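**Student:** Below: one structure in structure tokens.
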Amino acid sequence: MVEVFTGRTLVNKDGELVDPDEALRNKVVGIYFSAGWCPPCRDFTPVLCDFYTELVEESDPPAQLEIVFVSSDKSTDDMVEYYHDAHGDWLALPWTDEYKHELKQRYKITAVPKLVIVKQSGDVITDKGRKQIRDRGLACFRSWLEAAEIFQNFKG
């Protein structure tokens, strides 16, 4: 269970409510701070989609990875449009949840995009997820998984 989202409700792309304790259990979690109005975000999001798709949707067994989108969009409508049009099939913190401000403080987010990779405890593995994916591709997941100290079923 990822303590950072305990007691919160996440949503999926279908708008369904998701229990984070279940969805994030025994996974490396990438907290993706992003916004549709931000050109560097729009540039990186497709790269993250490919990374996620290859690791989670096309691997057998799927990699122990989940992404949670935390929006810096200016409205719920902007967030929903950006989430549906550009993001992978991962989870999001609802735009209306004020907890996003606490998360930005906790992880020292001063600009977007930012991909913070965390352990189950919420402790940071790296706050340079975006750079690592760009530089190392899928190989960075292995080092995150080792740092995460979770039960591993990943063979890749």
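**Student:** Could you tell me which of the residues Val4, Val11, Val29 is under 15 Å from the mean Cα position of the chain (by Cα) and open to solvent by 20 Å² or more (accessible area, probe 1.4 Å)?
**Tutor:** Val11
**Student:** In this structure, is Glu102 at pLDDT below 95 and open to solvent by 60 Å² or more (accessible area, probe 1.4 Å)?
**Tutor:** no
**Student:** If you don't mind, there's one more thing I want to ask. Let me confirm something: among Lys74, Lys108, which residue is surrounded by fewer than 16 Cβ atoms within 10 Å (Cβ to Cβ) and on the phi > 0 side of the Ramachandran plot?
**Tutor:** None of the other options fit; the residue is Lys108.
**Student:** Quick check: anything in the stretch 91-98 under 19 Å from Pro46 (Cα atoms), within 14 Å of the chain's Cα centre (by Cα) and either open to solvent by less than 10 Å² (accessible area, probe 1.4 Å) or of a type outside the set (Phe, Trp, Tyr) (or both)?
**Tutor:** yes
**Student:** Still on this structure, please answer the following. Could you list, in sequence order, all residues of the stretch 9-33 that are assigned to a strand (DSSP E or B) and either out of contact with any Lys or Arg (no Cβ under 8 Å at 6 or more places or on another chain) or under 19 Å from Arg136 (Cα atoms) (or both)?
**Tutor:** Answer for the stretch 9-33, where residues must be assigned to a strand (DSSP E or B) and either out of contact with any Lys or Arg (no Cβ under 8 Å at 6 or more places or on another chain) or under 19 Å from Arg136 (Cα atoms) (or both): Leu10, Val11, Leu17, Val18, Val28, Val29, Gly30, Ile31, Tyr32.
**Student:** So, in the stretch 47-71, how many residues would count as being closer than 15 Å to Gly36 by Cβ and surrounded by fewer than 22 Cβ atoms within 10 Å (Cβ to Cβ)?
**Tutor:** 1
**Student:** Here's something else I'd like to know. Six or more apart or on different chains, Cβ atoms under 7 Å: show the pairs whose first residue is in the stretch 3-22 and free of Cβ contacts under 8 Å to residues at least 12 places away in the same chain and whose second is part of a loop (DSSP other than H, G, I, E, B).
**Tutor:** Short answer, once both residue conditions are applied: Leu17/Thr9.
The values are calculated or read from the model by the stated rules, or taken from the named source; none is laboratory data. If you're wondering where the values come from, they're calculated on a predicted model, not measured in any experiment. Virtual Cβ from ideal backbone geometry, glycine too; neighbours counted across all protein chains shown. Ligands, DNA and RNA are excluded from the accessible area calculation, which covers all protein heavy atoms including side chains. Shrake-Rupley method; radii C 1.70, N 1.55, O 1.52, S 1.80 Å.
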